[in-house]
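Here the structure is laid out as structure tokens; the discussion comes afterwards.
What follows draws every value from the coordinates through simple rules; no lab data is involved. Computed from a predicted model, the values in this text were never measured in an experiment. We place every Cβ from the backbone using ideal geometry, glycine too, and count neighbours over all the protein chains shown.
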């Protein structure tokens with residue numbers, strides 16, 4: 001999808017009215033939220049003029065709430081952590097507003113009347129969305145919940161109902177709190193529930209883990225009952241008297257709780273071991289159906305184990321929607337017909353998918369249909385889905401390292417991916433000019449910008465090559481014909497060859513995976529003298545290096561190894577000098 005950006009990327013005029021891209025006299029600066037061009041030293045670049053800026057959809061992570069035609073979305077590591085998306089047309093989602101959202105990374109959020117509360121690790125901030133196209137950060141409403149905090153981040157989750165805010169955090173001594181909201185947004189603490197005697201040592205260890213950046217389960221408010229989770233425990237609170245809440249149940253589950261859904265007296269609980277350092281995130285993973293009819297003695301009515309790493313849940317009638325990671329079927333281990341080699345097999349042991357479940361009989365939950373999402377390289381082993389919303393037969397899904405995807409579930413037995421909007425890119429690593437197109441390489445994909453008119457560039461927000469992304473040290477290079485792009489992820493065992501059907505095409509697709517010699521992993525690559533040079537290091541012996549020389553064949557689609565140059569042993573890790 002192409003969008004016209006009022007601020008887009010950089011082209012420069014030097015000393016005349018003509019436009020020059022990336023000459024030796026200009027510096028292209030790759031910034032986190034955007035790309036821009038500026039002078040390196042003004043005395044050497046007299047006459048350089050800033051023409052335009054391209055703003056990439058730079059964020060990490062996706063969470064959202066939906067109301068009416070709008071999705072209110074948060075991300076992190078950006079100056080535009082809060083976004084409002086017009087979702088009136090699920091096939092054509094559009095960002096209509098963005099703002100800072102406050103200090104630190106923006107994570108989970110809730111909506112009450114015309115206020116959005118966003119969790120920014122240290123603080124909870126309020127954003128006025130009376131006019132969704134002009135959200136206003138209310139700086140005077142910054143809420144420092146625990147000013148005396150020590151140790152790990154508190155991982156807040158919260159809901160605002162009536163004049164009370166219910167808040168849970170990872171500190172067992174004050175695990176659940178009730179606040180009364182005065183005036184616009186001035187919460188006053190009225191009650192605290194201590195769970196330290198109810199949560200076992202293993203659960204507290206999970207809650208205290210520094211790497212658990214996000215509270216990966218919801219808080220559900222059902223009348224006078226609040227359902228939430230703390231590590232491996234599901235907990236229910238009676239809040240009929242908000243000033244004196246009581247624990248209805250506190251039940252230990254087999255694994256860390258990452259998703260909840262409620263239907264009547266049935267609580268659906270998604271669990272996995274992603275945060276417990278057991279190695280396999282799918283260990284003890286399942287979706288359990290818990291009978292809440294007798295809170296003092298909860299019963300497990302049934303389980304679903306068809307998803308390797310289950311995460312987010314949404315229930316509608318007898319249909320349960322589940323997003324997580326399923327095992328990669330052997331027949332699907334390819335990119336457009338190009339079979340996975342070793343590196344991609346290791347990267348994609350699992351894939352993100354939607355399972356549509358028939359939950360009418362909790363003792364026998366059946367998968368009616370499944371829908372895999374397009375492959376994309378994940379970062380940091382984080383959650384893959386933090387939010388879902390169902391509206392008019394369309395399921396809106398937060399795909400953690402992509403953005404928002406829309407799925408037609410009007411026939412739950414035949415889900416269809418009908419749209420999506422990329423809201424995630426990582427830091428810009430490289431820009432590659434190709435005539436009237438500028439390719440922008442970031443950690444998540446390659447975006448193309450049409451710079452035919454330097455003052456009004458057109459950015460292809462969707463991008464491509466997400467399945468082979470994750471470039472850190474090594475950056476992709478083009479064949480001189482501008483048709484084939486070669487890339488190498490750090491530590492991978494193959495060079496990925498992507499084809500752009502014509503010079504300046506917006507998107508490419510993988511057409512070949514060229515394996516490195518057995519036992520060698522890639523560190524970097526470069527193009528010189530009509531050859532592709534690949535710096536490799538010996539597997540498990542990173543100080544041993546060798547240079548591989550490849551000759552392009554078949555117009556650049558293939559690579560033939562023509563020479564190997566041992567570089568000896570080094571006392572430190574190897575990279576280009």
*Treating the Cα atoms of segment 145-252 as identical point scatterers in vacuum, please give the log10 of the normalised Debye intensity I(q)/I(0) at q = 0.21 Å⁻¹, two decimals.*
-1.16
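Roughly how compact is the chain, stated as its Cα Rg over 2.2 N^0.38 Å to two decimals? Can you show the working numbers first?
Working: Rg = 25.6 Å, N = 577, 2.2 N^0.38 = 24.6 Å.
Against the empirical 2.2 N^0.38 Å value, I get 1.04 for the chain.
If each residue of separation counts as 0.36 nm, what is the full-extension length gain between residue 99 and residue 411 once their alpha-carbon separation is subtracted? Present the calculation step by step, with values, prior to reporting the outcome.
Numbers: separation 312, 0.36 × 312 = 112.32 nm, distance 3.67 nm.
Result for the pair: 108.6 nm of gain on full extension.
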*Which value in nm describes the separation of the simple spin-label points at residue 303 and residue 418, placed 7 Å from the Cα toward the beta carbon?*
3.6 nm
*PRE reach from residue 332 (point 7 Å along Cα→Cβ): which of segment 301-319 fall under 15 Å by backbone N?*
306-311
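Do you know the relative contact order of segment 224-267, to the nearest whole percent, from alpha carbon pairs under 8 angstrom that are 6+ apart?
On the way: 65 pairs, mean separation 14.6, N = 44.
So the answer I get is 33 percent.
Tell me, 128, 411 in order of fewest to most beta-carbon neighbours within 10 Å?
Numbers: 128 17, 411 12.
Listing 128, 411 from fewest to most nearby Cβ atoms yields 411, 128.
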*Contour minus Cα-Cα distance for residue 183 and residue 112 (0.36 nm per residue)*: 24.2 nm
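Which shape class applies to segment 440-484: rounded if a/c is under 1.5, otherwise prolate when a/b exceeds b/c and oblate if not, where a ≥ b ≥ c are the square roots of the Cα gyration tensor eigenvalues? Walk me through the numbers before you get to the answer.
Working: a/c = 2.23, a/b = 1.44, b/c = 1.54.
Judged from the Cα gyration tensor, segment 440-484 comes out oblate (a/c at least 1.5, b/c at or above a/b).
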*What is the extension gain from residue 294 to residue 360, computed as 0.36 nm multiplied by their sequence separation minus the C-alpha to C-alpha distance, in nm to one decimal?*
21.7 nm
_segment 490-512 and segment 326-388: distance between their alpha carbon centers, rounded to Å_ = 23 Å
_Residues 565, 385, 141, 367 arranged by fewest to most Cβ contacts within 10 Å_ = 565, 367, 141, 385
*Given R₀ = 30 Å, FRET efficiency for residue 567-residue 346 by Cβ-Cβ distance, to 0.05?*
0.75
*Relative contact order for segment 145-252, counting Cα pairs under 8 Å that sit 6 or more residues apart, in percent*: 20 percent
*Just from its helices, what would the mean residue ellipticity at 222 nm be for the chain, if runs of 4 or more DSSP H residues each count -39500 (n - 2.57) and the sum is divided by every residue, rounded to the nearest 500 deg cm²/dmol?*
-500 deg cm²/dmol
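Which of rounded, prolate or oblate describes segment 338-454 when judged by the alpha-carbon gyration tensor and an a/c cut-off of 1.5? Show your work: numbers first, answer last.
Values: a/c = 2.66, a/b = 1.80, b/c = 1.48.
Here segment 338-454 falls in the prolate category.
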*Length-normalised contact order of the chain in % [C-alpha pairs under 8 Å, at least 6 apart]*: 9 percent
*asked:* Need one word for segment 464-577: rounded, prolate or oblate. Basis is the Cα gyration tensor (sqrt eigenvalues a ≥ b ≥ c); a/c below 1.5 gives rounded, then a/b vs b/c decides.
replied: prolate
*asked:* Let's test the formula: R0 of 22 Å, r as the Cβ-Cβ distance of residue 530 and residue 490. What FRET efficiency results, to the nearest 0.05?
replied: 0.30
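Can you order the peptides 192-205, 435-448 by their average number of other Cβ atoms within 10 Å per residue, highest first?
Numbers: 192-205: 15.0, 435-448: 23.0.
Ranking, from highest mean packing down: 435-448, 192-205.
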